[in-house]
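Throughout, read-outs are computed from the coordinates displayed, never taken from laboratory work. These numbers come from a predicted model, not from an experiment. Reconstructed Cβ throughout: ideal geometry from the backbone, glycine too, with neighbour counts over all protein chains shown.
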DNA sequence: ACCTGAACACCGTTCAAGT
DNA sequence: ACCTGAACACCGTTCAAGT
């Protein structure tokens, strides 16, 4: 309220939030800086005061998505303190939910739009933190002799791949048409898929 | 040679092939119908004789990608006739290779650009065939008591998810930066990841 | 089954000049 | 830290009229 210097005051955040809305309505291809500016009632070049170009805005949106997942994971960690198996499972469910409820945001985050080699430090940091969180869970599971001892990174990579791949198929509708007609039925199927992952990770 | 009616003769296929080249050079966002036409020396609206719009061209390109994978899988089936475990493994390696050698084509096929609910019959058929091929392999593995008996579709979904997710991470460079620096080392890691999948599928 | 050429509404991005 | 307004080069898509 204090800093409403000219017209808007917090355009940067407003751009990110409205971009998430517009992403959901029109998809990644349908998101344009010009319409974004129009929706917020600012000039078509105002966004350039906060982002060097469209790519940088997309990175900031993706980083916001990762932050939301992180917040959810922190809550999980508190609730399921010493149960890494449930932590892994529930963090996978969270990604699956995001993929079904905000498919376009999910695709922006995990669909390879951001090369992550050329992206800015903000997104890089959030993505890295997201991986670190998984590494921690899996290390814990190994220490508790729930998962087979071994290369932590290998197991982390397996878990990320399975969850990410399943969520991508869910978000792109590859399942509702070819595998099953019922969305509820699909979710049950998805949860069984996680079991196969856990089976591959557990001690035998 | 016979049907070079006016200028080109086989514009439809030329468009698809050049689109794959351009995809590789400029990414999905950089592919435009107008430049495609320019590259082939035809008018900027000539593509509309063969595709209703850009989306339909992209679908045809993706379908071509699926056909290539299918051709590879058929070769595998002959070489590894009664070894479903190797068949599954090698078909996964093929997708991983595609993701690393033609990342943009891979993203077009698996990145959710095509809703598969609203796409034309050609792509739908190829994608469906690609799934069917996996179902066959996994059924065989169950019959030979290599994989645990159970819902074939569940195991198929798990296999597709793992392979697709791993390949997506490979193609978007999420790994070379955060996990390991060496590309060769990554490939070794990837092969170990498949082992975790197989572990989850096998009889215990 | 292609061509040329114009047209429309929309982009991303960059100016210059204002408050 | 925003505005207006013009400008540039590029799109996807649709015409009309040709061969």
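If I fit a long axis through the Cα atoms of helix A:183-201 and take the longest principal axis of the Cα atoms of chain A, what angle between them do I get, 0 to 90°, rounded to 10? Tilt relative to chain A: about 60 degrees. Extending 7 Å from the Cα toward the beta-carbon at both residue B:184 and residue A:97 defines two label points whose distance is 4.5 nm. Counting only DSSP H runs of at least 4 residues, each contributing -39500 (n - 2.57), and dividing by the residue count of chain A, the helix-based mean residue ellipticity at 222 nm comes to -23000 deg cm²/dmol. Taken residue by residue and averaged, Cβ atoms of other chains lying within 10 Å of the Cβ of B:105-112 number 4. Based on alpha-carbon atoms, the Kirkwood radius and the radius of gyration of the stretch A:96-156 give Rg/Rh equal to 1.08.
Taking the number of Cβ atoms within 10 Å of each Cβ as an exposure proxy, the fewest-first ranking of B:61, A:193 is B:61, A:193. Run the numbers on chain B and let me know its relative contact order in percent, using alpha-carbon pairs under 8 Å that are six or more apart. This gives 19 percent for chain B.
With each label modelled as a point 7 angstrom along the Cα→C-beta vector, the residue B:25-residue A:24 pair spans 4.0 nm. Here the mean projected area of the convex hull built on the C-alpha positions of the protein assembly as shown is 23.3 nm². Panel order for B:11, B:36, by other beta carbons found within 10 Å of each beta carbon, from fewest to most: B:11, B:36.
Counting only other chain Cβ atoms within 10 Å of each residue's Cβ, the peptide A:24-31 averages 1.
Reducing the stretch A:22-75 and the stretch B:55-107 to their Cα centroids gives an inter-centroid distance of 34 Å. For chain A, the longest principal axis of the alpha carbon atoms and the long axis of helix A:121-143 meet at an angle near 10°. Between B:144, B:185, B:56, the GNM of chain B built on Cα springs shorter than 10 angstrom shows B:185 fluctuating the most. Of the residues A:66, A:186, A:106, which exhibits the maximal mean-square fluctuation in a Gaussian network model of chain A defined by a 10 Å Cα contact cut-off? Largest GNM mean-square fluctuation: A:186. Relative contact order for the stretch B:42-122: 38 percent, from Cα pairs under 8 Å spaced at least 6 residues apart, divided by residue count. Computed from Cα atoms, the angle from the helix A:54-79 axis to the main principal axis of chain A rounds to 40 degrees. Taken over the C-alpha atoms, the stretch B:86-204 has Rg and Dmax values of 15.2, 42 angstrom.
A simple spin-label model places pseudo-atoms 7 Å from Cα toward Cβ; at residue A:82 and residue A:67 they are separated by 3.4 nm. Counting only the Cα atoms, chain A fills a convex hull of 144 Å³ per residue.
Taking 0.36 nm per residue of sequence separation and removing the Cα-Cα distance, the residue B:118/residue B:132 pair yields an extension gain of 3.0 nm. The mean number of Cβ atoms from other chains found within 10 Å of a Cβ in peptide A:186-193 is 4, as a whole number.
D for the stretch B:54-106, whole µm²/s, Stokes-Einstein with Kirkwood Rh over alpha-carbon pairs at 20 °C and 1.002 mPa s: what number? The diffusion coefficient I find is 179 µm²/s.
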